[in-house]
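What follows is a single structure, written as structure tokens, with notes after it.
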Amino acid sequence: PHGQWDELLQYLFQCSQSEDPGHREVALVVFMSLTDSIGNLLRQHFRQLTSIFVRGLSDQAQPVRVAAVKAVGTVVQWLESDTETAMFSEVIPPLLQV
């Protein structure tokens, strides 16, 4: 429900920046899993998600990169506007490197 996911999202944003690759991977997996439930709510965080995905796609740890590819695949279905598509296009160069 709206307004009840904010703390979880902030926690996931923090985990995505952890020094522990396991934390980074789990954050991406949870973002991917939540997309079906709260994809519309994530729309307001697309800028931040784009940065997380770009970092994840360029991560040193292969499991993090794989999780980032999967997360990008689930979030891309929510893109509706040209602005969202343009913003999300930043993930294409690192995506092609994975």
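The values are calculated or read from the model by the stated rules, or taken from the named source; none is laboratory data. It should be emphasised that the depicted structure is a prediction, and the values quoted were computed from it without experimental measurement. Neighbour counts run over all protein chains shown; Cβ positions are idealised from the backbone, glycine included. Heavy atoms of the whole protein, side chains included, go into the accessibility calculation; ligands, DNA and RNA do not. Shrake-Rupley method; radii C 1.70, N 1.55, O 1.52, S 1.80 Å.
Only one entry of Arg65, Arg55, Arg47 meets the criterion of being touching a residue at least 40 places away in the same chain (Cβ under 8 Å) and either of a type outside the set (Val, Ile, Thr) or under 26 Å from Asp82 (Cβ atoms) (or both), and that entry is Arg47. Residues in the stretch 79-98 that are assigned to a helix (DSSP H, G or I) and among the polar types (S, T, N, Q) were compared, and the one that is most open to solvent (accessible area, probe 1.4 Å) is Gln97.
Contact map, the stretch 68-82: residues that are within 13 Å of Leu42 (Cβ to Cβ) and hydroxyl-bearing (Ser, Thr, Tyr) paired with residues that are modelled with pLDDT under 85 and open to solvent by 30 Å² or more (accessible area, probe 1.4 Å), Cβ distance under 9 Å, separation 6+ or inter-chain. Pairs shown: Thr74/Asp36. Taking the stretch 46-63 as the region of interest, how many residues are crowded, with 22+ Cβ neighbours inside 10 Å, under 15 Å from Leu96 (Cα atoms) and not aromatic (Phe, Trp, Tyr)? Count: 2.
Of the residues making up the stretch 47-78, those that are assigned to a helix (DSSP H, G or I) and within 16 Å of Gln14 (Cα to Cα) are Arg47, Gln48, Leu49, Thr50, Ser51, Ile52, Phe53, Val54, Arg55, Gly56, Val64, Ala68.
On inspection, Val30 passes the criterion of being aliphatic (A, V, I, L, M), open to solvent by 10 Å² or more (accessible area, probe 1.4 Å) and within 13 Å of the chain's Cα centre (by Cα).
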